[in-house]
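Peer 1: The structure is given below, and queries will be raised subsequently.
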Amino acid sequence: MGKSRAAFEVARALGGEIVVCDSRQVYDRLDIASNKPSAEQMSQVRYHLVGIADPRTVFNVFEFVQAANDAIERISRAGRLPIVEGGSMLWADALMEGFSLGQVAPRPERRAQLERMPVESLAALLRRLDPDARIDERNRVRLVRAIEVLEVAGPPLSRLRQRRPPPWTAVRIGLRAPLPVLDRLLAERSLRQLERGLVEETRAALESGVPPDAPALTGIGYAEAAAHLRGEVSRDDLTEVMARANRRYARRQLRWLTRDPHIHWFDAELDPLPGILAYLSELLRGAASR
């Protein structure tokens, strides 16, 4: 059972709502490689932050934390259980640990200007604003956001990096399986995505004006499908190219997650749902009795 299905079943069993923590699922229209919840799932459980952003734009971690906290507060006020589900590791850490960049909201007009600039020019501008910013100068998204913050709040950027813990405590649950099992599941998922029309969905996004280097199209699946459309990857090789990229990403995720001693792990190869429900039910009973 994958994390998305597990989160759905937990939400259904415990009367919860799901806040999706995924840097690709936030974008509208791009459904296949982002592994958005199905229409059936969304008819049974309420999901938040799915398809809320235009794929031609950049939706960053600052915007996510604000939107996720708003959703969590609304769910809690309604007496329901907020369940955060997803695999964007930086976003999850930012939400749970309160990472913030000076509370500077995006400025759409200025961002549009910055996004049209070459990466080299962005890096030079960042160095003028804050020589000690310590931002990856090859990463366009981070350069734009750093400049956007600095132009409003002023340097140094280090002053704006602070942690403001949220007013709730997260219960962290992880699923894991042996690597050969995980690799097989990822290969099967890549094949299903192509059969569902991933290449056609990518072509439609490009034709509608989504830039090839937009974050929405740089995720695994879309990047490889775009390479196929440019003639760089054959259709016969596409499944394996996608599966290979997924394997690399899955291993990075596992390395990131296993450093967190607060995660309670369950075996995804078996049915983890009974164990997860028993664990959460016990925690909820303990919280109610205090």
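The values are calculated or read from the model by the stated rules, or taken from the named source; none is laboratory data. What you are looking at is a predicted structure, and each value in this text was computed from that prediction instead of being measured. So basically every Cβ, Gly included, is an ideal-geometry build from the backbone, and we count neighbours across all protein chains shown. Remember, those area values only see protein heavy atoms, side chains included, never the ligands or the DNA or RNA. Shrake-Rupley method; radii C 1.70, N 1.55, O 1.52, S 1.80 Å.
Peer 1: Express the C-alpha Rg of segment 123-256 as a ratio against the empirical globular expectation 2.2 N^0.38 Å, rounded to two decimals.
Peer 2: The reported ratio for this selection is 1.38.
Peer 1: Taking the Cα centre of segment 131-290 as the origin, how large is its charge dipole in debye, to the nearest 20, when only Lys and Arg (+1) and Asp and Glu (-1) carry charge on their Cβ atoms?
Peer 2: In total the dipole reaches around 840 debye.
Peer 1: Quote the FRET efficiency, to the nearest 0.05, computed for residue 112 versus residue 204 with a Förster distance R0 of 22 Å and r equal to the Cβ-Cβ distance.
Peer 2: About 0.45, to the nearest 0.05.
Peer 1: Placing +1 at every Lys and Arg Cβ and -1 at every Asp and Glu Cβ, with all other atoms neutral, what dipole size does segment 1-112 have around its Cα centre, in debye to the nearest 20?
Peer 2: Here segment 1-112 has a charge dipole of around 140 debye.
Peer 1: Given 0.36 nm per residue, what is the gain on full extension from residue 44 to residue 236 after removing their alpha carbon distance, in nm?
Peer 2: 65.4 nm
Peer 1: Given the rule -39500 (n - 2.57) for each run of at least 4 DSSP H residues, summed and divided by the residues of the chain, what is its mean residue ellipticity at 222 nm, to the nearest 500 deg cm²/dmol?
Peer 2: So the calculated ellipticity at 222 nm is -17000 deg cm²/dmol.
Peer 1: Over the chain, give the accessible area per residue in Å² for a 1.4 Å probe, as an integer.
Peer 2: Heavy-atom accessible area per residue stands at 53 Å².
Peer 1: Carbon and sulfur: what percent of the chain's accessible surface (1.4 Å probe)?
Peer 2: Ligands and nucleic acids excluded, carbon and sulfur reach 52 percent.
Peer 1: Can you report the principal axis dimensions of the chain using only the alpha carbons, biggest first, rounded to whole angstrom?
Peer 2: Computed over the Cα atoms, the extents are 55, 51, 33 Å.
Peer 1: What number, in nm² with one decimal, is the all-direction average of the projected area of the convex hull of the alpha-carbon atoms of segment 1-86?
Peer 2: Taking the Cα atoms of segment 1-86, their convex hull projects to 5.4 nm² on average.
Peer 1: Next question, about the same structure. About its Cα centre, what dipole magnitude does the chain give when the only charges are +1 on Lys and Arg Cβ and -1 on Asp and Glu Cβ, stated in debye to the nearest 20?
Peer 2: 740 debye
Peer 1: Quick one, what does Rg over Rh come out to for segment 34-187 if you take C-alpha atoms and the Kirkwood Rh?
Peer 2: For segment 34-187, the value is 1.02.
Peer 1: Contact order normalised by length for the chain, with contacts defined as Cα pairs under 8 Å and 6 or more residues apart; what percent is it?
Peer 2: 22 percent
Peer 1: Per 0.36 nm of contour for each residue apart, how much would the distance between residue 282 and residue 119 grow if the chain were fully extended, relative to their Cα-Cα spacing?
Peer 2: 53.6 nm
Peer 1: Here's a follow-up. Between 277, 246, 214, whose Cα lies farthest towards the positive end of the dipole of segment 201-290 when Lys and Arg beta carbons carry +1 and Asp and Glu beta carbons carry -1, centred on the Cα centre?
Peer 2: So the residue furthest toward the plus end is 277.
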